[in-house]
Amino acid sequence: MSQDKHEDTDAFPWLGRRLLWLDNRRNVNRIVYALYGLCAALFLADFFYHKHVYLGVEELPGFYAVYGFVMCAMLVICAKAMRVILMRREDYYAPRDVEAEEYPEDQLDRAEHDA
Amino acid sequence: MPEMMPTALLFFLAAAILPVLPQYLRALLLLAVPVLAGIILWNIPEGMLAQVGFMGLELEFMRIDSLSRIFALIFCLAAFLGNLYAWHVRDRVQQVAGLIYSGSAIGAVLAGDLITLFLFWEGTAIASVFLIWARRTEGAYHTGLRYLIIQIGSGVILLAGAVLYHAETGNFVFERMQLGSPATWLIFLSFGIKCAFPLLHNWLQDAYPAATVTGTVILSAFTTKLAVYALARGFAGTEILIYIGAAMTLFPIFYAVIENDLRRVLAYSLNNQLGFMVVGVGIGTELALNGTAAHAFAHILYKALLFMSVGAVLFRTGTAKGSELGGLYKTMPLTMVFCVVGAASISAFPLFSGFISKSLILSASVKEHYYIVWAVLLFASAGVFHHSGIKIPYFAFFAHDSGKRPKEAPPHMLLAMAITAFFCVYIGVNPEPLYALLPYEVKYEPYTTTHVVTQLQLLFFSALAFTVLMRTGIYPPELKSVNLDFDWTYRKAGPAILRYLRAVAGASGAYLGSVLSGWAIGIFHRFQHSTGPEGRLAQSWPTGAMVLWIAILLGVTLVVSFLS
């Protein structure tokens, strides 16, 4: 577990060890701030080149940025609202459905990373 | 003369000898067959190469032109990659089913007439269900049955349409058709079922997550893209397809956001990607059809890659559910990287394959003045990044740490993912070889400043929306659940109504029966008296009379069905 400070991370694959800094909350915040900065830069980029577009609406500065943000936020909020009506327990269709079943163990090859 | 032999036959012959071979030879054969088929298909000339007379029909097994060739080639590549991914599988049922399935799909793409198309169409249906049943659980058995009924149904509708088409035109040639007559509508409906049109789509999300780890990878490539090919061949430029396709891109993304099973999320996003191709077919211009073919090619690869990476997680942890996963990047970093490559490709990031294929379709929609459709496709592009591009890698490999520390995927799976990822990037960086394979000449430059900047804006602001919603806690968490979709009508509502009707009929039948049985028995006795074995009328009836009457009945049925 990540909470387990004594976990032996030396046994992780090389690339996994290189990426462990993602476990640190502060580093995740840094990534998020970098994303904010990148978004701001991309928005401003619209003022510094000539757009070759077909539609009037595309010429609006930051059209794609605003459209992407607003529509995605709307998508998630609508989908979340759909859950109120559509969500059922995992075994709703059981036993004629795989959702509540375990995957057959003999077709898997479960192994721990240090095995 | 390899061109004289239908390519599908190669797969079927291999499937026939496969069961008697030892395991390592079986795995090698599974890799060799698609490579050989691919080399043949790459080199043979265009034309109608294998006509076969069959019961008075001229069947065409090898129609090679630029449209069929690109689909047949990507099917060979997908079969190779899927079989490499399944190198560890020793289950002969899956190996044979995979060969017959991919062979049938290639056969269907190369079919020059509707009867040949029908034969291979049903071949894909019957062979592929074994990839679901191979899971060998009760749920998989029932899911497979539902899948089979719908797939066979599509084939039966195709056959009915083909027969009516013959009555109309006097031939079975599979060329561009005009919607209008019952024949063409039936054929259209049959293609639509396999292409997962809205309300006909549920078999896809139902069945693909129920297949085996490797079966889903193979399933994802063929059936639906065969249907896209059939639509492109038969119904290019049919306007209704534009709106059907736009609806297809739209509604699955809402389900994908709240779905917990990551393989079902991918099935929803597969449905959404098909929508782009269907819009391309509907627009029907050279640019749009190029877009459909290019997108099908790119899509098969990145979708397989995504199913491979999630399948590897399932293979190592026993689950593919977002609510159970997280933090796997620590011990499965390579699988994570390949998943991200697939995610970037489906999201159409510059330098990845989706960027150079999807834009052909969007560009065609603007050029033909379908502005609303364009806006829908743009929304769907942002949406697909949201649920496939971010959600899949995020909930599997990052998010909250599940504490699971599985071993990295086995080498053959990593190799299959690496090759697929290579193609995703290579096509994105260097689209010319793919463009050269397309049905028409390409006059399109994907890498313009405007295109790159606007696409990056769209994607990064979608990512921003995800981040903001995640950090504010608005984003819906992954929950163990199922969501009702249209299949509820035939999995719950339909059976419930039938049970109710049966109960009503049973109760009223019991009452009626007690009243009527007195009469019925009386009538029966009277009939028995006159026509029974000992009866007077039966004395002059030879047994052959019954056979004659059956023959007459069949004859009447035939005449009626022929005339109608």
- For the stretch A:48-101, alpha-carbon Rg and Dmax in angstrom: 20.5, 60
- Query: Which lysines have a Cα less than 29 Å from the Cα of B:Lys358, not counting those fewer than 8 places away in the same chain?
  - Reply: A:Lys51, A:Lys80, B:Lys194, B:Lys225, B:Lys303, B:Lys321, B:Lys367, B:Lys391, B:Lys443
- Quick P(r) readout (the stretch B:112-260; Cα-Cα; 10 Å bins; whole %) gives 11, 40, 33, 14, 2, 0
- Calculated from DSSP helices alone, with each H run of at least 4 adding -39500 (n - 2.57) and the total divided by the residues of chain A, [θ]222 nm to the nearest 500 comes to -15000 deg cm²/dmol
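Before anything else, pin down the relative contact order of chain B: Cα pairs under 8 Å, at least 6 apart, normalised by residue count, whole percent.
Working: 898 pairs, mean separation 70.0, N = 564.
In percent, rounded to a whole number, it is 12.
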- Message: From the P(r) of the protein assembly as shown, could you give the percentage of C-alpha pairs in the tail past 32 Å?
- Response: 53 percent
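For a footprinting-style exposure proxy, rank B:Glu259, B:Glu324, B:Glu138 by other Cβ within 10 Å, fewest first. Walk me through the numbers on the way to the answer.
Details: B:Glu259 28, B:Glu324 18, B:Glu138 14.
So the residues, fewest neighbours to most, are B:Glu138, B:Glu324, B:Glu259.
I need the fraction of alpha carbon pairs in chain A separated by more than 24 Å, rounded to a whole percent.
Details: 4305 of 6555 pairs.
The answer is 66 percent, as a whole percent.
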- Task: Identify, among B:Ile106, B:Met248, A:Tyr49, the residue whose Cα sits farthest towards the positive end of the charge dipole of the protein assembly as shown, taking +1 on the Cβ of Lys and Arg and -1 on the Cβ of Asp and Glu, with the dipole about the Cα centre.
- Result: B:Met248
- Hydrodynamic radius by Kirkwood for the stretch B:1-47, inverse mean 1/r across distinct Cα pairs, in Å, is 11.4 Å
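Restricting attention to the stretch A:3-56, which chymotrypsin sites (Phe, Trp or Tyr not before Pro) occupy a DSSP loop and are surrounded by at most 10 other Cβ atoms within 10 Å? Write out the running numbers ahead of the final one.
Details: sites: A:Trp14, A:Trp21, A:Tyr33, A:Tyr36, A:Phe43, A:Phe47, A:Phe48, A:Tyr49, A:Tyr54; in loops: A:Phe47, A:Phe48, A:Tyr49, A:Tyr54.
Here the sparse-neighbourhood loop sites are A:Phe47, A:Phe48, A:Tyr49.
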- Each label sits 7 Å from Cα toward the beta-carbon; between B:Thr169 and B:Ile497 the label points are separated, in nm, by 3.6 nm
- Which of B:Leu548, B:Ser388, B:Leu29 sits farthest toward the positive end of the charge dipole of the protein assembly as shown, with +1 on the Cβ of Lys and Arg and -1 on the Cβ of Asp and Glu? B:Ser388
- Report the longest stretch of chain A that contains none of the GluC sites (Glu not before Pro) sitting in a DSSP loop with at most 16 other Cβ atoms within 10 Å. A:8-101
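Nothing charged except the Cβ atoms of Lys and Arg (+1) and of Asp and Glu (-1): what's the magnitude of the dipole of the stretch B:1-233 about its Cα centre? Round to the nearest 20 debye.
Using only the charged Cβ atoms, the result is roughly 660 debye.
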- Message: Charges on Cβ only, +1 for Lys and Arg, -1 for Asp and Glu, centred on the Cα centroid of chain B; of B:Gly327, B:Val310, B:Ala463, which one is farthest towards the dipole's positive end?
- Response: B:Gly327
- Per-residue mean of other chain beta-carbon atoms within 10 angstrom of the beta-carbon, peptide B:206-212? 2
- Residue by residue, what Karplus-based ³J(HN,Hα) values in Hz, rounded to whole numbers, does the stretch B:493-505 have, using 6.51, -1.76 and 1.60 with θ = phi - 60° and x for Gly and Pro? 5, x, x, 5, 5, 4, 4, 4, 4, 5, 5, 4, 5
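Looking at the square roots a ≥ b ≥ c of the eigenvalues of the Cα gyration tensor of the stretch B:1-233, which shape do they give, rounded for a/c under 1.5, prolate if a/b is larger than b/c, or oblate? Write down the numbers at each step before the final one.
Numbers: a/c = 2.02, a/b = 1.22, b/c = 1.66.
Oblate shape, in that a/c is at least 1.5 and b/c is the bigger or equal ratio.
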- Considering only the other residues whose Cβ falls under 15 Å of the Cβ of B:Gly98, what net charge follows from Lys and Arg at +1 and Asp and Glu at -1? +3
- 5 angstrom amide H check on B:Lys321, placed H, neighbours 5+ away: B:Leu262
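As a check on your grasp of the helix formula, calculate [θ] at 222 nm for chain B: sum -39500 (n - 2.57) over DSSP H runs of n ≥ 4, divide by the residue count, round to the nearest 500.
Working: 21 runs with 391 residues, N = 564.
Helix-only estimate at 222 nm: -23500 deg cm²/dmol.
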- Using all Cα-Cα distances in the stretch B:348-503, what percent lands in each 10 angstrom bin from 0 up to the longest? 8, 24, 27, 23, 13, 4, 1
- For the pair B:Val515 and A:Met87, the simple spin-label estimate (label points 7 Å beyond Cα toward Cβ) gives in nm 5.2 nm
- Task: For the stretch B:48-130, run through the trypsin sites (Lys or Arg not before Pro) and keep only the ones in DSSP coil with at most 16 other Cβ atoms within 10 Å of their Cβ.
- Result: B:Arg90
- Item | Using alpha-carbon coordinates, inclination of helix A:25-45 to the longest axis of chain A, degrees | 30 degrees
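Mind checking the dipole of the stretch B:252-394: about its Cα centre, +1 per Lys or Arg Cβ, -1 per Asp or Glu Cβ, Debye to the nearest 20? Write out the running numbers ahead of the final one.
Values: 9 positive and 5 negative charges, 67 e Å.
Computed about the Cα centre, the dipole is about 320 debye.
Per-residue Cβ counts within 10 Å, from other chains only, averaged over A:77-87: what number is that?
Values: counts 5, 3, 13, 8, 3, 7, 6, 0, 2, 9, 8.
Mean number of neighbouring Cβ atoms from other chains: 6.
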- Message: Taking beta carbons within 10 Å but only from partner chains, what does the mean come to for residues A:59-68?
- Response: 6
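Taking the Cα centre of the stretch B:423-487 as origin, sum charge times position over the Cβ atoms of Lys and Arg (+1) and Asp and Glu (-1), and report the length of that vector in debye to the nearest 20.
Dipole of the stretch B:423-487, to the nearest 20 debye: 280 debye.
Kirkwood-based Rg over Rh for chain B (C-alpha set), two decimals? Before the final figure, lay out the partial values.
Values: Rg = 26.4 Å, Rh = 25.3 Å.
Rounded to two decimals, Rg/Rh equals 1.05.
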- Note on the structure: Mean separation of Cα contacts under 8 Å (at least 6 apart) over the residue count of the stretch B:1-138, i.e. the relative contact order in percent, is 29 percent
- Rg to Rh, two decimals, where the stretch B:236-499 supplies the alpha carbon set and Rh follows Kirkwood: 0.99
- Could you tell me, in Å, what Rg and Dmax come out for the Cα atoms of the stretch A:1-45? 15.2, 47
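Laboratory data are not the source of any read-out in this text; all were calculated from the coordinates shown. None of these values were measured; they are calculated from a predicted model. Using ideal geometry, Cβ is built from the backbone for each residue, glycine included, and neighbour counts are taken over all protein chains shown.
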